[in-house]
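Where a number appears in this text, it was derived from the coordinates with a stated rule and is not lab data. All figures in this text were calculated on a predicted structure; none of them were measured in a lab. Cβ: placed from backbone, ideal geometry, glycine included. Neighbour counts: every protein chain shown.
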Amino acid sequence: MANENVSVWTSIPFWRRSAAWVTGFATILLIWLTFDTIGQISMGTDADLKNGVTKRVPAPTVINYKIGYEMSKKRGHEVPTIGEKQPFFGKEWSPKEAANLLHLGKLTSQAKNCMDCHTLLGNGAYYAPDLTKAWLDPAWNSMIPMIGGMIGKELTREEAMAEFLQHPSRYPTHARKMPDLGITAREAKGLVAFLKHMSSIDTNGFPRNFSKTVDQFKAGGTNAH
Amino acid sequence: MIEPFTDVVPSFFGMLNQGPLTLTIFLHTIIILPMFWIYKQEKEKLNKK
């Protein structure tokens, strides 16, 4: 007997089929997204760098290049740029050496628990400055001569960073001084390589408005370079 | 209406992601639409009983 007024909302098969559809679709979507992400985050190779192939995550040998940070009008945020070759701690690192150095830096960052205070690629704390683009931080422009002056030596950016990491409590940097974590010279080198590589990762402009002062932010510019 | 693709690695979802809500609205739409169809089928079945 046909009854137009019968309610579907109380029908168990309707809810069962809807739930099966939503769950099934979401499962397929998540599996798809997993594989979609692999392409986005897989690390490039040394050959990619030599051939100018842009990858979101460049090869470890990116530490041999000058890293820039430029506003992309098209994308509406800053994008890391890989420039000409630049010696890192006075030499060019082979793919194997660079990978080992980066690995040491990563292990050190975990062993010293950087994320307890800092943020790396969106993970961690905001007690201390965000380290995602630390290599590009314009604060180094004044820090490098300051650290060099205190130890009486002319330093490159990587040497100044390594020196700071070994004796952070000696240098007045941030309102909250970084404690001395007993980082060795070798570990400091690794950490600097790790930070330089991280700065070269295309993070879609994260952290937003990195390195800008209020005035620069209002003017729409940046002093990162 | 559709902005040129600007992402580093092209992807289907990147293309849909035109703004903060576009991807969400698209996914919700394609999840909800088949439910109308399920609803109609179940209504027919109940009416036949």
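Using alpha carbons only, how many degrees (0 to 90, rounded to 10) separate the axis of helix A:12-41 from the longest principal axis of chain A?
Value to nearest ten degrees: 20.
On a 0 to 90 degree scale, rounded to 10, what angle separates helix A:140-151 from the longest Cα axis of chain A?
Helix A:140-151 sits at roughly 40 degrees to that axis.
In peptide B:26-37, what is the residue-averaged number of other protein chain Cβ atoms found within 10 Å of each Cβ?
Per residue, the average neighbour count from other chains is 2.
Cut-off 10 angstrom, C-alpha nodes, Gaussian network model of chain A. Which of A:S72, A:S109, A:S11 fluctuates the most?
A:S11
Going by Cα centres, the range A:48-75 and the range B:22-49 are how many Å apart?
Centre-to-centre distance over Cα atoms comes out at 46 Å.
Using alpha-carbon pairs under 8 Å, 6+ residues apart, how would you state the relative contact order of chain A in percent?
It rounds to 21 percent for chain A.
Kindly identify the range A:80-208 as rounded, prolate or oblate by the Cα gyration tensor criterion: order the square roots of the eigenvalues as a ≥ b ≥ c, call it rounded if a/c is under 1.5, otherwise compare a/b with b/c, prolate if a/b is larger, else oblate.
Rounded is the answer for the range A:80-208, as its axis ratio a/c remains below 1.5.
Near A:I63, within a Cβ-to-Cβ distance under 9 Å, what is the net charge of the other residues, with Lys and Arg +1 and Asp and Glu -1?
Counting the neighbours of A:I63, the net charge comes to 0.
Rounded to the nearest 500, what is the 222 nm mean residue ellipticity of chain A from helices alone, with -39500 (n - 2.57) per DSSP H run of 4+ residues and division by all residues?
My calculation for chain A gives -13500 deg cm²/dmol from helical runs alone.
Report, in degrees rounded to the nearest 10, the 0 to 90 angle that the Cα long axis of helix A:95-111 makes with the longest principal axis of chain A.
Long axis of A:95-111 versus the principal axis of chain A: about 80 degrees.
With the calculation restricted to Cα positions, what are the radius of gyration and Dmax of the protein assembly as shown in angstrom?
When restricted to Cα atoms, the protein assembly as shown yields Rg and Dmax of 25.9, 97 Å.
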